[in-house]
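Report on the following structure.
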Amino acid sequence: ESFEKNNLKLKSYQAAAVKFVDRAGNRALLHLEMGLGKTPTSLAISEHHKFKRNLIVCPASVIVNWQREIKKFTGEDTFVLRGENPDEYSLTYLLTKRPRYVLASYDTIGVTKDVETQRTDDKGIVHVDKSKLQAWVEFLNTLYQPNMITFDEIHYTKNSDSNRSRACRALKSPYVLGLSGTPLTNKPQDLWPILYILDRELFPTETDFETRYLGGSRSFRNTEELKDVMSRYMISYYKKDVMKDLKPIERISKYFTLPAKYQKAHDKIMVGLTDQLLSGSMSSQETLKFVLVRIQRAKQICAMAKYDYVAELATELYDSADAAGDKWKKVIIFTQYTNMPAATREITKRLGQEAVSFTGNNSPEERQAIVDRFQTDPDIHFLVASTKAAAEGLNITAAGNVIFNDLLWTPAAHQQAEGRAYGRVSDLHSIGSYYVVSPNTIEEMINDILMQKMNMISSVMEGEVGMNNTSIINELLLKLKGGR
């Protein structure tokens with residue numbers, strides 16, 4: 001039975017996900033691979049139950065996308081919570097207008113305010129107690145009282161000690177839905193905050209969870225039991241399962257040899273780094289800081305050297321697709337560097353008037369406007385974007401190829417970026433993904449580890465035992481200590 005309202009017509013797997021949430025007792029996690037439509041599926045749940053008060057907590061970068069999707073699929077306007085504390089206007093609007101859909105970023109929800117209260121003990125001595133108040137959480141729980149809370153990209157709560165995680169765990173509603181394409185982003189401990197939000201009684205403390213399921217800092221124990229527990233709360237769909245005819249992403253490592261001056265600068269940094277690691281003259285914390293700073297600098301040198309090559313590769317990919325008559329011929333270039341070096345600006349400059357770009361310095365509204373232009377303007381062939389700013393919430397389906405000017409630390413970060421263009425339900429097609437790597441550099445070592453991890457299957461998320469959660473930085477350190 002499919003759900004249909006306005007433009008909201010669910011695919012069969014989306015309708016099955018809606019039914020699963022009901023069977024899970026109104027508290028569930030939708031693990032839908034990016035592009036499979038988490039947003040319309042979650043809205044269908046709210047519309048199906050005719051909830052009058054819906055709170056959606058999401059990354060700030062995707063608030064505009066949620067506003068558009070809610071208007072498109074339900075016809076409803078939204079109210080966005082802003083500021084550190086509820087102001088008079090927000091309080092009045094929420095209490096009198098009672099909007100059906102309220103949006104808030106994780107950072108807004110997580111804002112804390114220092115509060116001092118006085119109490120007098122039996123001896124007449126006045127004590128001052130200090131505490132932290134999360135004003136939006138208090139207001140939402142006591143006055144707005146949402147019928148349903150949706151946590152988009154719920155893995156944002158993974159750091160249990162962060163203010164945003166504490167705030168999300170304190171929010172209350174009879175119906176809770178988590179959405180994520182990557183629920184397990186790095187280590188086993190990341191799961192506890194998510195599971196606590198879904199069921200406070202089953203996992204009342206982080207210690208309880210770790211004692212039962214953590215077999216070390218990077219592995220699970222009692223995996224079969226944990227998979228059974230997860231199956232009660234989580235439903236997963238992958239593109240390979242629901243889109244049988246969709247070709248997988250074609251990942252291609254393109255090698256660019258550094259010019260001599262860049263190679264010399266890179267090698268100088270690496271020699272000093274390796275020597276310091278092997279000397280053991282610093283404390284472990286000092287060593288880690290030293291290593292990260294040096295590695296980042298070596299990566300920046302590689303990134304700076306590639307601007308011309310990446311621009312030429314993007315042009316070649318577009319021209320080739322255009323000559324072949326491909327519908328999806330535009331190209332996205334991702335880079336993590338937006339300041340020093342300002343890769344977004346430099347690559348855009350080389351591509352000229354056919355390119356647009358954005359970074360985290362652009363507001364979500366500006367980013368969406370730039371994406372809209374890339375999607376619709378036939379004269380715009382290239383989008384150069386900050387990997388982080390473009391990683392979530394944006395549908396950039398006009399692209400048939402993506403290029404990574406520089407490499408990130410996790411496979412998930414690359415997959416999220418690729419997912420902006422690949423396998424979107426709204427515009428189904430595969431992509432080519434090009435990793436531009438400089439041989440005989442730190443990049444080559446990182447790329448080797450990345451590609452190995454890309455081919456690994458997550459044990460808890462896809463049902464296989466033996467998950468390896470060793471971080472890339474740890475494996476990189478081992479490589480550096482042991483030499484090439």
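So that you can scan it fast, the table gives a plain yes or no per residue for (1) among the acidic types (Asp, Glu); (2) open to solvent by 60 Å² or more (accessible area, probe 1.4 Å); (3) out of contact with any strand residue (DSSP E or B) (no Cβ under 6 Å at 6 or more places or on another chain); (4) at pLDDT 90 or above:
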residue: Cys58; (1), (2), (3), (4): no, no, no, yes
residue: Glu69; (1), (2), (3), (4): yes, no, yes, no
residue: Phe79; (1), (2), (3), (4): no, no, no, yes
residue: Lys113; (1), (2), (3), (4): no, yes, no, no
residue: Asp121; (1), (2), (3), (4): yes, no, yes, no
residue: Tyr144; (1), (2), (3), (4): no, no, yes, yes
Item to complete: Considering each residue of the stretch 432-460, count those that are closer than 22 Å to Gly400 by Cβ, open to solvent by 10 Å² or more (accessible area, probe 1.4 Å) and modelled with pLDDT of 90 or more, and give that number.
Response: 1
Worksheet item: Out of the stretch 235-252, which residues are open to solvent by 40 Å² or more (accessible area, probe 1.4 Å), of a type outside the set (A, V, I, L, M) and not in a loop (DSSP other than H, G, I, E, B)?
Response: Tyr237, Lys240, Asp241, Glu250, Arg251
Discussion item. I'm trying to understand the selection: among the residues of the stretch 315-331, which are at pLDDT below 95 and hydrophobic (A, V, I, L, M, F, W, C)?
Written reply: Leu317, Ala321, Ala323, Ala324, Trp328
Practice prompt. For the stretch 99-111, state whether one or more residues are of a type outside the set (A, V, I, L, M), open to solvent by less than 10 Å² (accessible area, probe 1.4 Å), over 15 Å from the mean Cα position of the chain (by Cα) and at pLDDT 90 or above.
Written response: yes
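Residue-by-condition table, conditions (1) among the polar types (S, T, N, Q); (2) part of a loop (DSSP other than H, G, I, E, B); (3) open to solvent by less than 10 Å² (accessible area, probe 1.4 Å):
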position	(1), (2), (3)
Asp161	no, yes, no
Ser173	yes, yes, no
Gly181	no, yes, no
Leu195	no, no, yes
Pro204	no, yes, no
Worksheet item: Going through the stretch 401-410 one residue at a time, which ones are out of contact with any Asp or Glu (no Cβ under 9 Å at 6 or more places or on another chain) and assigned to a loop (DSSP other than H, G, I, E, B)?
Response: Asn405, Leu408, Trp409, Thr410
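Check Arg232, Arg212, Arg200 and return the single one that is within 18 Å of Leu179 (Cβ to Cβ), out of contact with any strand residue (DSSP E or B) (no Cβ under 8 Å at 6 or more places or on another chain) and open to solvent by 30 Å² or more (accessible area, probe 1.4 Å).
Details: Arg212 fails: within 18 Å of Leu179 (Cβ to Cβ); Arg200 fails: within 18 Å of Leu179 (Cβ to Cβ).
Going through Arg232, Arg212, Arg200 in turn, the sole match is Arg232.
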Response to the item:
Residue pairs qualifying under the 9 Å Cβ cut-off, at least six apart or on distinct chains, with the first in the stretch 291-319 being aromatic (Phe, Trp, Tyr) and the second being assigned to a helix (DSSP H, G or I), are Tyr307/Ala343; Tyr307/Glu346; Tyr307/Ile347; Tyr307/Lys349; Tyr307/Arg350; Tyr318/Glu354
Worksheet item: If you check every pair at least six apart or on different chains, which have Cβ atoms under 8 Å apart with a residue in the stretch 366-382 that is of a type in the set (S, T, N, Q) first and a residue that is part of a helix (DSSP H, G or I) second?
Response: Gln368/Val64; Gln368/Asn65; Gln368/Arg68
Discussion item. Conditions first: (1) open to solvent by 20 Å² or more (accessible area, probe 1.4 Å); (2) under 19 Å from the mean Cα position of the chain (by Cα). Phe51 passes all but one, so which condition is the exception?
Written reply: (2)
Worksheet item: Residue check, Ala421 against (1) touching a helix residue (DSSP H, G or I) at 6+ places or on another chain (Cβ under 9 Å); (2) closer than 26 Å to Pro40 by Cα; (3) aliphatic (A, V, I, L, M), all met but one. Which one?
Response: (1)
Item to complete: Check Arg232, Arg221 and return the single one that is over 19 Å from the mean Cα position of the chain (by Cα) and modelled with pLDDT of 85 or more.
Response: Arg232
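Counting only residues that are aromatic (Phe, Trp, Tyr) and within 21 Å of Ile154 (Cα to Cα), which one in the stretch 54-84 is nearest to the chain's Cα centre (by Cα)? Full working, then the answer.
Taking the stretch 54-84 first, the residues aromatic (Phe, Trp, Tyr) are 66, 73, 79.
Filter once more, keeping what is within 21 Å of Ile154 (Cα to Cα): 66, 79.
Working: Trp66: 15, Phe79: 23 Å.
By that ranking, first place goes to Trp66.
Looking only at the stretch 29-55, which residues are small (Gly, Ala, Ser) and touching a helix residue (DSSP H, G or I) at 6+ places or on another chain (Cβ under 7 Å)? Don't jump to the end; show me each part of the working.
First, pick out the residues of the stretch 29-55 that are small (Gly, Ala, Ser): 35, 37, 42, 44, 46.
Matches in the stretch 29-55: Gly35, Gly37, Ala44.
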Worksheet entry | the stretch 337-350 residues that are more than 14 Å from Gln296 (Cβ to Cβ) and of a type in the set (A, V, I, L, M), paired with ones that are open to solvent by less than 20 Å² (accessible area, probe 1.4 Å) and in a helix (DSSP H, G or I) (beta carbon under 6 Å, 6 or more apart) | Ile347/Tyr307; Ile347/Val310; Ile347/Ala311
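The values are calculated or read from the model by the stated rules, or taken from the named source; none is laboratory data. Not measured: the values here are computed from a predicted model. Neighbour counts are summed over all protein chains in view; Cβ atoms, including those assigned to glycine, are modelled from backbone coordinates with ideal geometry. Protein only, heavy atoms only, side chains kept; ligands, DNA and RNA dropped before computing areas. Shrake-Rupley method; radii C 1.70, N 1.55, O 1.52, S 1.80 Å.
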